[in-house]
Amino acid sequence: MLHRLDHIPDGLLDCPASELAGIISDTTLIELPGDRTPPLFLSVLLHGNEPTGLAVAQNILKKYAGGSLPRSILLFIGNVKAAAEDKRRLDDQPDYNRIWLEGRIDNESDIHLEIAALLHEMARRPLFASIDIHNNTGINPHYACINRLEPAFLNLARRFSRTVIYFVRPSGVQSKAFSHLCPSVTLECGKVGDEYGIQRATAFVDEILNSDAIEQTLVVDEDIDLFHTTAVVKVPESISLSFDGSPANIRFIQGIESLNFEEIPAHTTLAQLENGVTAPLLVMDEDGENITGDIFRVEDGALRNNKPLMPSMLTLDAKVIRQDCLCYVMERYRIAMGEKFTTDDKPVWTTDGAS
């Protein structure tokens, strides 16, 4: 359940994510006043095994512990129970970065209801910006993700990195929900333990807290390396997998995670397949359409890509692959292309008086 505090509880600033449950027993929203309003919404630990966000929040709160924050903060601390076990989520939990949805959904849980209520509340108060902080399980650069191709979003993202990904799927992510309320961004800060990622994200959050506004100036292609996520690649539950050559339905080439953000030439062999395996992957585009055959083919017992391919978030973590995906497929993107993807749709919880 979502707990609420108006102060920093004792021990929070020095507590590792794995011991957080001894200080706050569950998901918690901490509202802290600062010199400027409206507040910054800072979201951390939506995935329990991604502790960089907590470290960033601790760094910021320690820096200003002797005085006042430069801007008010709404600090959302997510999956505390999963953090205690160093897991993305527990088996009986939903993914905490897929629950930011309007309306009723299948397998609705208490946390879905709490988040729905929180979104209604946030829609009725001004927000300066939203920052959601994550780690990667695979080898990736530090980058920012946005869900709207608008100047404030692009300017916010490029303050963290020149490398920016625009995506509209999957649904239910925190940054997409908040993109209807304020400029929002997701920070991807490298693997767990990447100290530079922590430092870089801390400096970014501090800069935003001390900013009077998010720039609305137009961003040109020369100022940013922009990518668009076009599809998600999943491994069906019935397909076993390996990355070290050990027996499995699909045996990926060793070092495949090093291909993130690299353009893979067409017809590259990416995996070897057991006899009889004809559908080792499932690829869904932004509209939920199955486009597997457009991207991959099975040929002579091997998995090959039909056209040049640029992945992100490729990981060797089988648990993450089962709970989320193998990777995403991207394309290089020019800002001028963005008009066809940017919409003015607003979910019902942004409408005054909506239930």
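What follows is calculated from the coordinates using simple rules that are stated; it is not laboratory data. Since we're looking at a predicted model, the values are computed, not measured. Note that we place each Cβ from the backbone using ideal geometry, even for glycine, and neighbour counts take in every protein chain shown.
Results, tabulated for the structure shown:
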| quantity | calculated |
| --- | --- |
| Pairwise Lys count, the chain - Cα closer than 23 Å, eight or more residues apart or different chains | 13 |
| J(HN,Hα) series, the stretch 239-249, from Karplus relation 6.51 cos²θ - 1.76 cosθ + 1.60, nearest Hz, glycine and proline x | 9, 7, 9, 8, 10, 10, x, 5, x, 5, 4 |
| Amide H within-cut-off set for A271, under 5 Å, with H built and near neighbours excluded | I253, L303 |
| Among R98, R125, R36, residue whose mean-square fluctuation peaks in a GNM of the chain (springs only between Cα atoms under 10 Å) | R125 |
| Angle in degrees between helix 110-122 and the longest Cα principal axis of the chain, rounded to the nearest 10 | 60 degrees |
| Spin-label pair A203/E150, simplified geometry with 7 Å Cα→Cβ offset, distance in nm | 2.9 nm |
| Amide H partners (placed H, <5 Å) of N249, local residues excluded | S240, L241 |
| Sum of -39500 (n - 2.57) over DSSP H runs of 4+, divided by residues of the chain (222 nm, nearest 500) | -5500 deg cm²/dmol |
| Gaussian network model of the chain, springs between alpha carbon atoms under 10 Å - residue of A83, A152, A248 with greatest fluctuation | A248 |
| Relative contact order, percent, the chain [alpha-carbon distance under 8 Å, six or more residues apart] | 16 percent |
| Sequence-separation-based contact order of the stretch 13-118, relative, with Cα cut under 8 Å and 6+ spacing, percent | 34 percent |
| Hydrodynamic radius by Kirkwood, which averages 1/r over all alpha carbon pairs of the stretch 230-330, in angstrom | 13.4 Å |
| For L326, distant residues with modelled amide H under 5 Å away | V233, K234, V235 |
| Table column - 3J(HN,Hα) (Hz), the stretch 4-12, Karplus curve with 6.51, -1.76, 1.60, x for Gly and Pro | 10, 9, 10, 7, 8, x, 4, x, 5 |
| Choice from L101, L218, L187 showing the highest fluctuation, given a GNM over the chain with Cα pairs closer than 10 Å | L218 |
| Per-residue ³J(HN,Hα) for the stretch 325-331, Karplus 6.51 cos²θ - 1.76 cosθ + 1.60, θ = phi - 60°, Hz, x for Gly and Pro | 6, 6, 5, 10, 10, 10, 9 |
| Label-reachable residues, the stretch 60-78, where backbone N falls under 12 Å from a point 7 Å from E31's Cα toward its Cβ | 73-75 |
| D_trans [Stokes-Einstein, Kirkwood Rh over alpha-carbon pairs] for the chain, 20 °C, 1.002 mPa s, µm² s⁻¹ | 101 µm²/s |
| Range of Cα positions in the stretch 5-49 per principal axis (Å), largest first | 32, 23, 16 |
| Backbone N within the stretch 231-258 under 15 Å of label point (7 Å from T268 Cα along the Cβ vector) | 252-258 |
| Using a Förster distance of 30 Å, the FRET efficiency for S18-S246 (Cβ separation, nearest 0.05) | 0.50 |
| Euclidean distance of C-alpha centroids, the stretch 185-245 and the stretch 47-100, integer Å | 16 Å |
